Structures are given as C-alpha cells and as structure tokens.
Amino acid sequence: MSETQQHWDRHYQTEIEDYPLPALVLQQNQHLLPKRGEALDLASGLGANALLLATHGLQTQAWDISHTALAKLSAEAGRRQLVLVTQQRDVSAAPPVADSFDVIVVSQFLDRALCPYIISALKPGGLLFYQTFCQIRVNNEGPQNPEFLLKDNELLNLFSSLTPRVYREESLLGDTARGWRNRAMLVAEKACKYK
C-alpha cells in the first residue's frame, strides 16, 4: 500500500454525518449532461459527483486511490438504489484510455501531467466538468502546496484543445466576500469528428 493511499484512507476514516454535495461545476451545469453514456468521476473521493451522474442515468464509474472512500461510496449508492462501479486506482499512474467516456468529472484534484490523458479519454462530443483550487485566493481554503493550485486562467490553458462551454474564475475582483472565489470551474466539449 502506497503512502498516498494510506494518507487518503486515514482521511476518509471519520464518520460521515452529512454526505457531501457534488461539485458546483456539476450541480450548476447538470442540464448539459447527455441523456445516456459512460461517465467517470476521476479521483472521486466519496463520489458525490458519481452519485449525481448515476442519478441522471449515466453508466458511471468512480475511481480513487482510497479503498475507504470507495467503500463508503458503494454503501451510499446502495442506500440510494443507484448502480455505479467503483475502482481503486491511482489515476496518475493508470489514467483512462482513449475514447472511453462521454463525461469526465474532476473536482478538488490537480495533476497537470494527467490532463492530456483526460482529453484523450473523452469520446468525440464528450464533456469535461472540472473544478479545483486557484493560487490567487481570498483565504487559505484548499491545499497549500502550489503544485496543487491553478495559476491564473491555467485551467483554460490545460484544456485549450477543448471548446469551453462554461468558465468561471473570479480571482480578487470586486467584493471578495461574495461570488465564486478560491476556485476555477470549466465545462468543456471535445469536438466531434464529423462537425
């Protein structure tokens, strides 16, 4: 068992009082989801995104390095009578294969080397829903290591071969006590081969 897996298994050991909500990028833009298809919640943690995808009738997989998180997700999916597949997997070492998903969701996770694999894993016309923390923030919410924080507009640049459909990153503009702060969100579409 790797140190990373041990770390995340310990992190998810605590009792869950209220199951987490899906990422806002998915909550606010779920109307863009296809009616059917294959979906992946990548680095899923407790899999709140996977639960929402399965609720929409998508054939959903959730991949995470933590066995503990995936066990809790499986139990919650059963409680909600949802069908999804969990897979314990170090997504950085074993990324998804090309043309395998209609929807990929990533939240609160950043491995820049994985981005080309995510793009490749989308089928033509596939959608990426991505949300994670930025370096320019109004407080210290999220990771402190800059390796896991996006630079200004970096999310757009990392996925520049996709067509952005939704993008939000407010930085420090205006009244920083309001709005969408500390994170960037992107919904982007992979071009269809026949367009």
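Derivation of every value follows stated rules applied to the coordinates shown; laboratory data play no part. Fair warning: this is a prediction, and the values are worked out from it, not measured in the lab. For neighbour counting, all protein chains shown are included, and Cβ atoms are generated from backbone atoms with ideal geometry for every residue, glycine included.
Here's the picture: charge each Lys and Arg Cβ at +1 and each Asp and Glu Cβ at -1 in the chain, and of Gln30, Leu110, Val138 the one pushed furthest to the positive end of that dipole is Gln30. Across the stretch 104-109, coupling constants 3J(HN,Hα) worked out from phi with the 6.51/-1.76/1.60 Karplus curve, θ = phi - 60°, read 10, 10, 10, 9, 6, 8 Hz, and Gly and Pro carry x. Potential lengthening of the chain between Thr14 and Ser161 amounts to 49.0 nm, from the contour at 0.36 nm per residue minus the alpha-carbon distance. Would you mind telling me which residue in Leu21, Leu33, Leu70 has the biggest mean-square fluctuation in a Gaussian network model of the chain, where springs connect alpha carbons within a distance under 10 angstrom? With Cα springs under 10 Å in the chain, the top fluctuation among Leu21, Leu33, Leu70 is at Leu21.
Between Gln108 and Leu21, what length in nm is gained on full extension when 0.36 nm per residue of separation is reduced by their alpha carbon distance?
The span from Gln108 to Leu21 would gain 30.0 nm if fully extended.
Evaluated with a Cβ-only charge set (Lys, Arg +1; Asp, Glu -1), the chain carries a dipole of roughly 660 debye about its Cα centre, given to the nearest 20.
With the simple model of a label 7 Å out from the Cα in the direction of the Cβ, Arg178 to Asp99 spans 4.9 nm. Largest GNM mean-square fluctuation across Leu84, Leu173, Leu156, computed for the chain with C-alpha springs under 10 Å, falls on Leu173. Computed from backbone phi, the HN-Hα couplings of the stretch 35-51 come to 6, 8, x, 9, 10, 10, 9, 8, 6, 6, x, 6, x, 4, 5, 4, 4 Hz, rounded to whole numbers (Karplus: 6.51 cos²θ - 1.76 cosθ + 1.60, θ = phi - 60°; Gly and Pro given as x). Here the alpha carbons of the stretch 28-90 define both size measures, Rg and Dmax, at 10.9, 31 Å.
For the chain, what does the helix formula give at 222 nm: sum of -39500 (n - 2.57) over DSSP H segments with n ≥ 4, over the residue count, nearest 500 deg cm²/dmol?
Result for the chain: -6000 deg cm²/dmol, rounded to the nearest 500.
For the chain, the share of DSSP beta bridges that are antiparallel, to the nearest 5, is 35%.
Counting every other Cβ atom within 10 Å of each residue's Cβ, Trp63, Trp180 order from fewest to most as Trp180, Trp63. In the chain, a dipole from Cβ-located charges (positive for Lys and Arg, negative for Asp and Glu) runs towards its positive end, and of Trp63, Pro124, Val91 it is Pro124 whose Cα lies farthest in that direction. Highest mobility in the GNM of the chain, judged by mean-square fluctuation with C-alpha springs under 10 Å and restricted to Asp90, Asp64, Asp111, is found for Asp111.
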